[in-house]
2 protein chains.
Amino acid sequence: MQSYIDLSYQPGKSDVVCLFRVEPAVNVSLEKAVDAIAGESSIGTWTDISTMSEEIRDRLRPRAFSVDSSSGLVKIAYPLELFEPGNIPQLLSSVAGNIFGMKHVENLRLEDITLPEKYVKSFPGPLFGVGGIRRMLEIPLRPIVGTIVKPKVGLSPTAWRDAAREALAGGCDFVKDDENLTSQDFCPFDERAKLALGMIHSLEGSTARRFGYGCNISGSVETMVKRAEYIKRNGGRYMMIDVVTVGFAGLQYMRNLNTGLAIHAHRAMHAAITRNKKHGISMIVLAKLCRLAGVDQLHIGTAVGKMEGPAEEVAQIKDEMLDTSGKWRGLKTVFPVCSGGLHQGLIPDLMKLMGNDIIIQAGGGVYGHPDSPKAGAASMRQAVDAVMEGKSIEEYAKSHAELRRALEKFSA
Amino acid sequence: MQSYIDLSYQPGKSDVVCLFRVEPAVNVSLEKAVDAIAGESSIGTWTDISTMSEEIRDRLRPRAFSVDSSSGLVKIAYPLELFEPGNIPQLLSSVAGNIFGMKHVENLRLEDITLPEKYVKSFPGPLFGVGGIRRMLEIPLRPIVGTIVKPKVGLSPTAWRDAAREALAGGCDFVKDDENLTSQDFCPFDERAKLALGMIHSLEGSTARRFGYGCNISGSVETMVKRAEYIKRNGGRYMMIDVVTVGFAGLQYMRNLNTGLAIHAHRAMHAAITRNKKHGISMIVLAKLCRLAGVDQLHIGTAVGKMEGPAEEVAQIKDEMLDTSGKWRGLKTVFPVCSGGLHQGLIPDLMKLMGNDIIIQAGGGVYGHPDSPKAGAASMRQAVDAVMEGKSIEEYAKSHAELRRALEKFSA
């Protein structure tokens, strides 16, 4: 069989280019592994077949145009014709499908993907993006401060509402359900959403501030649709979706419905796929697909909290979500969400690494404050305000008791 | 904080029990890692919080009741109340969510999951199951023989139909799209489905046999619904779904719609999650979730073909899909599909390992036959018939030219 390796090939504007990290199986050459990967992800079969034609091969064959034997990094260009517009499952089934299970490789990782502008244009992208979210919440410049109501599960709807109210009254802009809270007997979705959204409307009236609530609608699609409609009817602004466990078919559908709700995307389970540096799919690839599908806010890591993820990688994802260059064909930006083990003491480092166009979420940092959730929320905002004013949080804490108390606990 | 480890605990009938393989991070004890995992997958936070109560903790806390420090195997029991009935994304976001990304672990794998009967009952399970599929195709005992029309992509609708006809006329019972063929310009879905289903109806008239066609509907949910309706209108029996790249929200929805179509589940991309033996989620867990969701046919591996997957693991998944014990609460069985690099020479070993209640799919084995796809299909059936008659394929090949020619090529 003819090889798909063609080092003289220069990828064109209508190629999908995938960067793979390939570790061939024992006794398999890198070239053989690359040919197997290129074929299995496009037009190939393990044996020569009578129904194949030169015409198909000429038009649709992939080309591995860069093969680095020391790193195992390989770039493969695929003609755009191989892919159905607007269909993320089909893209993944092609370039991230069977290949991970082939005997030719010991490990295989899809590190990055570059998509032709024509393909990008076949997706809606975010409904709001950073600008739209900032206008909706009337927060023009600083990071948005959010919290995850804790404990993750177990609060009744009224207890949930009260805990959320404390955080918002204290200074948070955004509250959300945790990824594993949907509609359990102890806290049914409708009851929680209705109480929380009612509380928000009342608090907005008395404070002249604006708030967001990421209600977790994750479930089978008919359930998500019902929940999104319920949120709309109750004047909510957001639906939260666990994008990896829900999957791209459901996520795309909820965006394509044009409900008018912003999508807060939690990435629970991503690390089952993204964490191993030799195998699986990188978070940058998943994040790009989430932007195509059209999430408005996406958890991307913290670089400084309880979850793994090197700072450079998190910053790279952030840059990609905020990129407004032509390659995104006008698709709106995605608000990067930093969440997971964050507390007041980590804010200066976080903002130095990530800038101001981020959503900073702290659950334990708010609900674990030694005095109260309200003080927790206030101190989170104080930490952000300190950085915005160019002051150190230690200095700021001298005149802000909530922050001082927080730092005593969390930065001890 | 109080530990979730309770070695004296005996899991009850209403516990969800997860078997994890835990490799703690450097300088983290197994016990500390287990506590972090148990908490993050249920009610815990990284710090103590003021909104937590004894009552919540008593009612909802998980218990790690088995911790083996030599293997790292850990069993955690979760109260059923933590989980929303009929919601696979919520289950995964809980017990297979954030935990894979925690710094406390170097690697973490969800090896198995045991679900309470009450939870199992909250799902529909397969519409047909093995018995229903066998009745539909009128094949009571032997393995069903299928093929994937090759090349994977590139054929026009008429070329696809003609290639499929050859395979069915030659002896295959089932034809299917490949995982990366949905609706590309060279082969639009509607045109392909209409031509293929028309061909099938005509061939059924002239042969008195029954055939199945797994049309790949994978895409955003509105697209899948349209395609399923189109298949129904054109008299089809199956929809094929790439279950991993589509995701569980979309899969559950398509089953819950009760279209009357059987679901053929391709598992493209599973190995990004399942392959690493130290990290991710095992295929047995994904397969159990697919049975809950209600697929009728599921790719489970071959143990003998081009894809990795130890024979014992593949056999274990097969047994689980065919299990009719009380734990499945009457949910129908799933027809295990063996697919990937199979050819005539591998059939005896495959059937010895897997038995007769399987669907054997060969793409290259049919379309790579030296004479024709028709001869390829005929020889696949001959190999199966030989085993059913207790004969060796070499002996059978003496009086069956198609099989002889196949073995000359594939078993050389």
Candidate aspartates and glutamates for bridging to A:Lys118, where Cα separation is under 19 Å - those fewer than 8 sequence places away on the same chain excluded: A:Asp15, A:Glu81, A:Glu84, A:Glu320, A:Asp323, B:Asp185
Listed residues B:Ile358, B:Ile56, B:Ile273, most fluctuating in chain B (Gaussian network, C-alpha, under 10 Å): B:Ile56
Summed side-chain charge close to B:Pro124 - residues other than B:Pro124 whose Cβ falls under 13 Å, Lys, Arg +1, Asp, Glu -1: +3
When chain B is reduced to its Cα atoms, the Kirkwood hydrodynamic radius in Å: 22.7 Å
Over chain A: helical MRE at 222 nm, DSSP H runs n ≥ 4 each giving -39500 (n - 2.57), nearest 500: -12000 deg cm²/dmol
Length gained when the stretch A:Thr324-A:Glu229 is fully extended (0.36 nm per residue, less Cα-Cα span): 31.1 nm
Net charge contributed by nearby residues that have their C-beta within less than 9 Å of A:Ile263 (K/R +1, D/E -1): 0
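Determine the shape class of the stretch B:15-120: with a ≥ b ≥ c the square roots of the Cα gyration tensor eigenvalues, call it rounded for a/c under 1.5, and otherwise prolate if a/b is greater than b/c, oblate otherwise. It would help to have the intermediate numbers written out before the result.
Details: a/c = 1.73, a/b = 1.22, b/c = 1.42.
It is oblate, given that a/c is not under 1.5 and a/b is not larger than b/c.
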Inter-centroid distance (Cα atoms) of the stretch B:113-175 relative to the stretch A:144-187, Å: 45 Å
Counted charge near A:Gly236, where neighbours are those whose Cβ lies closer than 11 Å (Asp, Glu -1; Lys, Arg +1): +4
Ranked list, fewest to most other Cβ atoms within 10 Å of each Cβ, for B:His201, B:His104: B:His201, B:His104
In degrees, nearest ten, helix B:283-293 long axis to first principal axis of chain B (Cα): 80 degrees
Rounded tilt (10° steps) of A:189-207 against the dominant C-alpha axis of chain A: 60 degrees
Among the listed pairs A:Lys13/B:Lys176; A:Lys194/B:Lys121; B:Lys150/B:Lys176; B:Lys13/B:Lys277, those beyond 21 Å (Cα-Cα): A:Lys13/B:Lys176; A:Lys194/B:Lys121; B:Lys13/B:Lys277
Distance between modelled label sites at A:Glu54 and B:Ser399, nm, 7 Å Cα→Cβ extension: 4.4 nm
C-alpha long axis of helix B:30-40 to longest principal axis of chain B, angle in °: 80 degrees
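Coordinate-derived values only; no laboratory data. Everything numeric in this text was worked out from a predicted model, so none of it was measured. Here Cβ is always computed from backbone atoms with ideal geometry, including for glycine, and neighbour counts include all displayed protein chains.
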